[in-house]
1. Compute, for segment A:32-249, the length of the dipole vector about the Cα centre, with Cβ point charges of +1 (Lys, Arg) and -1 (Asp, Glu) only. Units Debye, rounded to 20.
2. Tell me which aspartates and glutamates have Cα within less than 19 Å of B:K293's Cα, excluding those fewer than 8 residues away on the same chain?
3. For segment A:270-510, take every pair of Cα atoms, bin their distances at 10 Å starting from 0, and report each bin as a whole percent.
4. Quote the charge dipole size of chain A about the Cα centre in Debye, to the nearest 20; the model charges only the Cβ of Lys and Arg (+1) and of Asp and Glu (-1).
5. What residues have an amide H closer than 5 Å to that of A:G232, excluding those fewer than 5 places away on the same chain, when H is modeled at 1.01 Å from N in the peptide plane?
6. Excluding residues on the same chain fewer than 8 positions from A:K23, give the aspartates and glutamates whose Cα lies under 17 Å from its Cα.
7. So if we plug the beta-carbon distance of B:W119 and B:L156 into 1/(1 + (r/R0)^6) with R0 = 30 Å, what FRET efficiency do we get, rounded to 0.05?
8. What's the average, rounded to a whole number, of partner chain beta-carbon atoms within 10 Å of each residue's beta-carbon in B:211-217?
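Values in this text are rule-based calculations from the coordinates and carry no lab data. The shown structure was predicted, so the numbers you read here are calculated from the model rather than taken from an experiment. So basically every Cβ, Gly included, is an ideal-geometry build from the backbone, and we count neighbours across all protein chains shown.
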Amino acid sequence: MTDSAPSGDVAGTPLLDLTGVSKGFPGVQALDDVSLELRRGEVLALVGENGAGKSTLMKLLAGIYTPDAGVFRLNGEEITIEGPKHAQELGISIIHQEFNLMPDLTVAQNIYIGREQRAAGFFLDERSLNRRARKLFEGLGLALDPTERVENLTVAKQQMVEIAKALSFEAKVLIMDEPTAALNDAEVDVLFELIGRFRRPETGVVYISHRMEELTRISDRITVLRDGRNVGTRVTAETDQREVISLMVGREISGEQRPAARPIDGAPVLSVEHLSTRSLLRDVGFEVHAGEILGFAGLMGAGRTEVARAIVGADPRESGEIRMHGKAVSIGNPAEASRHGIGYLSEDRKHLGVLLERSVRENIVLSALRDYTSALGFVNDARIEATGRDYIERLRIKTPSSAQLVQNLSGGNQQKVVIAKWLAKDCDVLIFDEPTRGIDVGAKEEIYALLKGLAEQGKAIIMISSELPEVLRLSDRIAVMAEGRLTAILDNADATQENLMDYATRFSSEGTIA
Amino acid sequence: MTSPTVTPPTSDRSPSTTAFAAIDKGTPRFARLRGSLQQLLAFASLILIVVVFSIASPHFFTANNLVSILTAATVTGVLALGTTFVIITGGIDLSIGTGMVLCGVMAGVFLTYLGWPLWAGVAATILFGGLIGLINGVNISVLGIPPFIATLGMMLIAAGLSLVISGTKPIYFNETPEFQSIMNLSIIPGIRFPMGVAIFIVMIVVAAVLLSKTILGRYTFSIGSNEAATALSGVNVRRWKIVIYTLAGLFVGLAGVLSASRLSSAQPTGGMGLELEAIAAVVIGGTSLQGGKGSIVGTVIGALIMAVLTNGLRIISVPQEWQSVAVGIVILVAVYLDMLRRRRA
């Protein structure tokens, strides 16, 4: 593994070379004929909207997925990555976005897990393990205590542990997925210094990030993925943010019909002021009116879902006032929220939206079950059946009967069951979080029609979506978030994919964009 | 293999931990203090209970009674030691109670029915326990049956097999009368200090060393802390889980020998509920059922708290029915305090 890099003739070949890589999942072509190369000694930034295929590409390199098609070459030699361990042995180290640490073990134990220093076969030599870790940290200039338990570290330090672990493998290719997501400015500087030190003629870094400002600082070239394709690579010094964003967004949006500007009556149904949470949200405020769809755009982790969860009391609020029809309401949990007429349809449908092993009709009446229960506590099955059949017809849920188990329905029809459930509750405000995630194109259209219909009936609708075309197509107004703050609320007429992406990448550390 | 220097299992942290802590300014030092606080708390509760009973009754704090507390703690304690490993991985073993009974019966089979020499019968019994654990481990690790179900099945199988093999009658160790001295032989002149208690103490040290000084212990914690990440790091998680359940089984085998020796006979009935007592001891000792956290010292303190409570309540003439109530309350309080601690952490 430590043999010296092939010299001379191969110096011109890229360090890592991917040709024609494809990977599909049921319903999605995550990667479609992607080719890219990582040159020796460079930092290659990989950017793209949510769902562009960055994570899939990374998991292929990590050996977690196997590609459907395509050739991987490392130093010009064709390789097949057989698994996570094999990837490490090949010299490909990956720092995943979600940490892969054992919180109950110490820093040194985490770094050398599976490669322990042993005193006599079965026994551990903890002291030399710690010494080895300390030497590694000295070499990297990291202030980490090898004997500290990882659970006691700040997120930033945990990130450092991940990096130190990746570097301890004598990696040739280092892949980092949003490594700065949890870091402050000073910590970002340390990280960049580390990357600088790692970068040598025989190594290379793939750096995945949303933060344009970071890319100009750290990367040599930028490759843009869109809808699973490589849509272009630019030399960082010769491009600007605008070009990269327009590559990321790509699609022409002219064909899509925008909602006609609807008159919105004066008084808002729901108004939110100074909403903050301990972890992320900072002073978020907005209003939604009856008959209006307010879209929420932003990148992954911008805090859109957190806004919804904080409003309905699923997460604790640090500060903030919520008013329904002008009256302040106190909402401590989702049950209280629905009593006040606010319904939240979670993005995690399978875990938080439906009971997969129960019937369609049971799911539909679940939140309103009290209305179907006699004074003695008996459930009125006949009425439930009637309501179930009613909603199946109205929302055109494709199911043989209302007794069908929800797990046997398609994603789109499951989503309709969730919507029916909240309609049965008769809420004034409905918050849809990624309502079309994992739903095929035809069913998406039906969901869009449903949302529009609900707004026309006078419901106030909040729609969180990671797909900009979807946001633009449905929303009357669009709120954009970045790093837990609201960076803009635009009328649909003023919004374009480009300026939404621009607002979505306005990070506080960066100030205003020139 | 060179034997490492055995440190008393009072702390699983090396002294260098605290020395280096001073260098790193960014470390929340109170967090590591809190870790040892929990163990201190459990130990303090044990002392408190002992003091209360000592005041309540002059018959409590006597050498003989303390020895009988230790004796009472021995069998459950040995079971709890093995179970600690399993629980730290995030698993559970419900088969240890009836498994222990089956091992006792097998001791009877080896020594009385087959007439094996004492050492061979004892060794075979312990290995038989290991076999039970091995089967549990394979069922969980290879077949993917959840630990609760896999060991629940084994619990019933072991209970049934004990009755089938023994013909529902106790087996007496007529061929090897020395068998009963494994547990009962007094090894300290003057007071009645049974050898079984000494074996328990040795096993505590063995378990503590295994858990804190060996690769086995490291992976036990690692699997419980984040199984997926451990596997991603290239550790053969499946194999180590089998090893860990087998280890727990070996402790079950030893407990089978000790309990049969104590009664001078293999009783084919009972054992149900003993697994919960052992798990209770582990939990009172601060080991998390979610996995990743735990210690042998904690388990020993937990086993002692249970034994002291049972013994003390009997001495101050609390009816037996209430003793179980008291133990139940202790479990709830101990686990709730532990949760409070974690939530603040």
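1. 580
2. A:D104, A:E126, A:E148, A:E151, B:D12, B:D93, B:E227, B:D338
3. Reading upward from the zero bin: 8, 32, 35, 19, 5, 1, 0.
4. Dipole magnitude for chain A comes out near 880 debye.
5. The answer is A:V224.
6. A:D32, A:D33, A:D68, A:E82, A:D227
7. About 0.40, to the nearest 0.05.
8. Mean number of neighbouring Cβ atoms from other chains: 4.
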